[in-house]
Amino acid sequence: MEEQEAIVDLLEEVLGNYGLHYSNKGQISFNCPICDEERNKYNLEVNYFECVYKCWSCGDSEGTHGKLGKLFDKFGNKKLKKLYNILKPEESQKIIKNKKQKVKIPEHFTLFRNSNPIYPVRKQAFNYLKSRGINEDIIEKFGIGFCDKGSHIGRIIIPSYNKKGELNYYVGRSWDPRSRAKYRNPEAEKEKIIFWENLIDWNKDIYLVEGAFDGMFLDNPVVMLGKHMSELLFETIYNKAKGNVIICLDGDAWESALKLYHELNGGELWGRVKIVKLPKNKDVCDLKGQIENFYVKILD
Ligand SMILES: [Zn+2]
């Protein structure tokens, strides 16, 4: 939900700190720049899914309501409006509408193997992967591609398939460091899918990681798509994992990792949950999967 966060950042730049935020509805409140006068009433409500705003206090009398673009015109500046227009389109408005639709691979998705190695865009994409230690074997194994046009232009695409072999998710990582949104992933709820499900062997040890880029370096990775584990994934691991479960979250997520350890280490899984503590600013991808030296023992 990178776009969502970016829109909230933009709104904060125009309106100051927000009051309440319901990210599942795209609803967020601010102090009204016209009528609040430092009373902290948070009367101005924005819905960034529907791209509208309204002040419940002075909306009707002062015309403080309408399309979100108008809010940026009135209270923001040209630069912020421009950023908003970049962030706004498809994504924010379609979040709700697309929820039940099947995930589709982004248009102009091209596998590396289907593109000429001297094509400059392919080269850029390939060099980015190379810089992160991802070689052709990994690219091949995970069916990684890139987009040279369209909504996901300038992004590496890492597809994910369910056990029936149907696309259930993808990660779209920008290779341009200037890109505002590092990731552009589908709006399908990641809580409802298991990433790379078709590749997971539940009879072997599994490695729990935060991101797809971490998972690429380990044998039999289970990607959580964040620091938080979905209920679906928790239950699936609980019911299916026959080997060890090794928690390999980013170095900066030790608290989350420990919490997860205690949640998992019980019942059927008791004694089979292991944990690694990576250096503070490192993740599995930075370490190219060399995590052997970082196992720690937790005294229950
Ligand atoms: Zn107002």
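The values are calculated or read from the model by the stated rules, or taken from the named source; none is laboratory data. Here the structure is a predicted model, which is why all the values come from computation and not from measurement. Glycine also receives a Cβ, built like all others from the backbone with ideal geometry; neighbour counts cover every protein chain displayed. These area figures cover heavy atoms from the full protein model, side chains too; ligands, DNA and RNA do not enter into them. Shrake-Rupley method; radii C 1.70, N 1.55, O 1.52, S 1.80 Å.
Considering the stretch 1-60, the residues that are among the charged types (D, E, K, R), outside any strand (DSSP E or B) and within 15 Å of the ligand (Cβ to nearest atom) include one that is modelled with the lowest pLDDT, namely D60.
Looking at the structure I just gave you, is E263 without any contact (Cβ under 8 Å) to a residue 60 or more places away in the chain and open to solvent by 60 Å² or more (accessible area, probe 1.4 Å)? Spelling it out, E263 is indeed without any contact (Cβ under 8 Å) to a residue 60 or more places away in the chain and open to solvent by 60 Å² or more (accessible area, probe 1.4 Å).
Regarding I139, is this residue in contact (Cβ under 8 Å) with a residue 12 or more places away in the chain, more than 22 Å from L83 (Cα to Cα) and either within 15 Å of the chain's Cα centre (by Cα) or in a loop (DSSP other than H, G, I, E, B) (or both)? It is false that I139 is in contact (Cβ under 8 Å) with a residue 12 or more places away in the chain, more than 22 Å from L83 (Cα to Cα) and either within 15 Å of the chain's Cα centre (by Cα) or in a loop (DSSP other than H, G, I, E, B) (or both). Of the residues examined, E166 is not one that is under 11 Å from the mean Cα position of the chain (by Cα), open to solvent by 40 Å² or more (accessible area, probe 1.4 Å) and modelled with pLDDT under 95. In the set K227, K192, only one residue is under 15 Å from the mean Cα position of the chain (by Cα) and surrounded by fewer than 14 Cβ atoms within 10 Å (Cβ to Cβ); that residue is K192.
Residue pairs whose Cβ atoms lie under 7 Å apart, sitting 6 or more positions apart in sequence or on different chains, and linking a residue in the stretch 56-70 that is among the aromatic types (F, W, Y) and open to solvent by 20 Å² or more (accessible area, probe 1.4 Å) to a partner that is within 13 Å of the ligand (Cβ to nearest atom) and in a strand (DSSP E or B), are W56/E45.
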